[in-house]
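Colleague: Take this structure, written in structure tokens, and hold onto it; I'll ask about it next.
The values are calculated or read from the model by the stated rules, or taken from the named source; none is laboratory data. Keep in mind that this is a model prediction, so the values were computed, not measured. No Cβ is skipped: glycine too gets one built from the backbone with ideal geometry, and neighbour counts run over all protein chains shown.
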Amino acid sequence: MQFSQSIATTWITVCSLEDIIPNTGVCALVNDQQVAIFRVGQDQLYAIDNYDPFSKAYVLSRGIVGDRNGIPKVASPIYKQNFNLKTGECFDDSAVTIRTFAVQLIDNQVQIGLS
């Protein structure tokens, strides 16, 4: 017999949807960690680590939002490496991946999920 172990997710409200202009990002401090939250279009939300491993600076929330072949991405504002907003994988160096976070919208409030 196999048992699956589930990890509970704690949801933390960080801002309202109106605080994020479409096709831009913001930064929130969640449990002492900087999280970059992006609003793509009117209603798609993504959350990744704000730390850019190439420049070693907390700047990804200020990056340029776009897409690569239909995949939402952000380009670092310093050296312009592109990160997949869904997976955290760097399009320009597949050996580099940044952390992603669960994100949801409840009653117009953006929430980040921590496990």
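Colleague: Scan region 95-115 for residues that are of a type outside the set (A, V, I, L, M), modelled with pLDDT of 95 or more and assigned to a loop (DSSP other than H, G, I, E, B) and jot them down.
Modeller: Arg99, Asp107, Asn108
Matching residues to (1) surrounded by fewer than 15 Cβ atoms within 10 Å (Cβ to Cβ); (2) assigned to a strand (DSSP E or B); (3) in contact (Cβ under 8 Å) with a residue 24 or more places away in the chain:
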residue	(1), (2), (3)
Val26	no, yes, yes
Ile37	no, yes, yes
Gln42	yes, no, no
Leu45	no, yes, yes
Ile48	no, yes, yes
Ser61	no, no, yes
Val65	no, yes, yes
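Colleague: Within the bounds of region 68-84, is there any residue that is loosely packed, with under 14 Cβ neighbours inside 10 Å, part of a strand (DSSP E or B) and modelled with pLDDT of 95 or more?
Modeller: yes
Colleague: Can you pull out every residue in region 17-67 that is among the charged types (D, E, K, R) and under 11 Å from the mean Cα position of the chain (by Cα)?
Modeller: Arg39, Asp49
Colleague: Being free of Cβ contacts under 8 Å to residues at least 12 places away in the same chain and more than 24 Å from Gln111 (Cβ to Cβ) narrows it down to one of Asn82, Asn69, so name that one.
Modeller: None of the others qualify; the one that does is Asn69.
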